[in-house]
Amino acid sequence: MLYLSTDQHIKQLTVNLRDEEGQVLVRRQVSTVWDKVRAFFEDLRNRAKDCGGFMAIVEVCGFNDWLLAMFKEYGCKEVVLIQPRESSRNKTDRRDANRLGEILWLNRDRLSKGVPVQGLRRIRIVDSVVADNRRLTVLRIRSTRQQTRTVNRIKQILRRHNLEQHQPCKGIHTKATQKWLRELSLCEQDRLSMNILLKELELFGQHLDQLDEQIHQRIDKCPEAQLLGSITGGKAGFSALALASRIVPVNDFPTARSLANYFGLTPGCRNSGEATQRLGSITKEGSAIARYVLGQLVLHVLKRDPGMRKWHRRIKKRRGSKIARVAVMRRLTVIIWHMLKNNVPYRKCCQAGHPEDGPQT
């Protein structure tokens, strides 16, 4: 079998091809122009016919989709998608491709069998439905943040003229407040800025309505998201779909604690020699969106679950509010693992009394 490593960039691919003995057969750069990149992969397929096919390794980035599809199109036996490491002080594309090729060749048997490799964070390549769910939830978060920025700019104009106290309602999104903002007497420049911001606010509201409609349509086809909706005690929404699309399949995580570790909610450590209890802050590895969503779900859990609220208060009194909130996020992650593993709603899962899950309700 042949082993292909690729360092991907926008305009070129830096490739490194090895044979079964580990000898480098090809070391070059390939343009991402379609004719040239297809010619390279056609030549690769012809080479691999007599060798039993080829494996490929590539680091994850925001534009992997077309390359992963091309690997599949040209008969790649196994695609290994990994998380990039920290940049070296002596970094070139050729060195990166050679390093990836060395990793793939040395660990070829373990990687082909799906066995974890120490120090290598492998990314699961999901199907198109899960990938679309992830993109949809990311788009909603971005739209929400843009809407928040617009609201803050409107408030900045009001505070500049000390007019916020005359606002008819507390919220900017109410009809009465928006009518007041449209009729508000301002200087020429601020009036122009206000009109633009109000149009942006209306546009972002329409975008969010369209996204929420798409999200609820996808939730109806995702039983895992419907199950996670029981955390908030109501109908599943954006949070449920965002978490479900980043956890499924739950069988990839052998234990409940491995899911918390995957989301970067476990403390790092620097234990060496006599120092064996040198724990640090959480690692923050994995999906930042999952941590963001869990942080929002904590607010619902603390309102609805008296047992978790009591446990949270004890930690808050001893360690502070931030650490207590992260602790609830971690326990909530463990409960979510049991929910998906055993196909039970939130309340029933808590009542089961798993020792690492958190308080019973």
**Report entry** Members of the range 64-79 that are under 20 Å from Thr32 (Cα atoms), touching a strand residue (DSSP E or B) at 6+ places or on another chain (Cβ under 9 Å) and not polar (S, T, N, Q)
**Finding:** Leu67, Leu68, Phe71, Lys72, Tyr74, Gly75, Cys76, Val79
Query - The lone exception for Val126 - which of (1) modelled with pLDDT under 90; (2) exposed (fewer than 13 other Cβ atoms within 10 Å of the Cβ); (3) under 22 Å from Glu285 (Cβ atoms); (4) of a type outside the set (Asp, Glu) it fails - result: (2)
Requested in this report: Name every residue in the range 84-123 that is surrounded by 13 or more Cβ atoms within 10 Å (Cβ to Cβ) and among the polar types (S, T, N, Q), in order of residue number.
Outcome: Asn98, Asn107, Ser112
Query raised in the report: Cβ-Cβ below 6 Å, separation at least six or inter-chain, first residue in the range 68-84 and on the phi < 0 side of the Ramachandran plot and in contact (Cβ under 8 Å) with a residue 40 or more places away in the chain, second of a type in the set (Val, Ile, Thr) and buried (at least 16 other Cβ atoms within 10 Å of the Cβ): which pairs?
Result: Val80/Ile57
Report summary line: Picking from Arg291, Arg309, the residue that is among the charged types (D, E, K, R) and either over 24 Å from Pro84 (Cα atoms) or surrounded by fewer than 12 Cβ atoms within 10 Å (Cβ to Cβ) (or both) would be Arg309
Query - Matching option when the condition is modelled with pLDDT of 95 or more and either exposed (fewer than 15 other Cβ atoms within 10 Å of the Cβ) or over 35 Å from the mean Cα position of the chain (by Cα) (or both), among Leu192, Leu184 - result: Leu192
**Report entry** Hits in the range 1-29 - residues which are more than 10 Å from Asn98 (Cβ to Cβ), part of a strand (DSSP E or B) and under 28 Å from the mean Cα position of the chain (by Cα)
**Finding:** Leu4, Thr6, Gln8, Gln12, Leu13, Val15
Requested in this report: Scan the range 118-163 residue by residue and report those that are free of Cβ contacts under 8 Å to residues at least 24 places away in the same chain and touching a strand residue (DSSP E or B) at 6+ places or on another chain (Cβ under 9 Å).
Outcome: none
Report summary line: Result of the Cβ filter at 9 Å on the range 13-26, keeping first residues that are more than 20 Å from Cys61 (Cβ to Cβ) and partners that are outside any strand (DSSP E or B) and small (Gly, Ala, Ser), at least 6 apart or interchain, is Leu17/Gly101; Arg18/Gly101; Glu20/Gly52; Gly22/Gly101; Val24/Gly101
Query raised in the report: What are the residue pairs meeting all of these: first residue in the range 311-328, first residue in contact (Cβ under 8 Å) with a residue 24 or more places away in the chain, second residue of a type outside the set (Phe, Trp, Tyr) and loosely packed, with under 11 Cβ neighbours inside 10 Å, Cβ atoms under 9 Å, and 6 or more apart or on different chains?
Result: Val326/Ser281
Query - Top-ranked residue in the range 244-263 [being of a type in the set (D, E, K, R) and under 16 Å from Arg330 (Cα atoms); ranked as surrounded by the most Cβ atoms within 10 Å (Cβ to Cβ)] - result: Arg246
Query raised in the report: Which of (1) modelled with pLDDT under 95; (2) surrounded by 15 or more Cβ atoms within 10 Å (Cβ to Cβ) does Asn162 not meet, given it meets every other one?
Result: (2)
Report summary line: Counting only helices (runs of 4 or more DSSP H) entirely within the range 264-348, those with at least 2 residues that are within 25 Å of Pro254 (Cβ to Cβ) and touching a helix residue (DSSP H, G or I) at 6+ places or on another chain (Cβ under 8 Å) are 288-304, 321-342
Report task. May I ask you to list the residues in the range 33-53 that are modelled with pLDDT under 95 and in a loop (DSSP other than H, G, I, E, B)? Result -> Asp50, Cys51, Gly52, Gly53
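The values are calculated or read from the model by the stated rules, or taken from the named source; none is laboratory data. What you see is a predicted model, and the numbers here were worked out from it, not measured in a lab. Here Cβ is always computed from backbone atoms with ideal geometry, including for glycine, and neighbour counts include all displayed protein chains.
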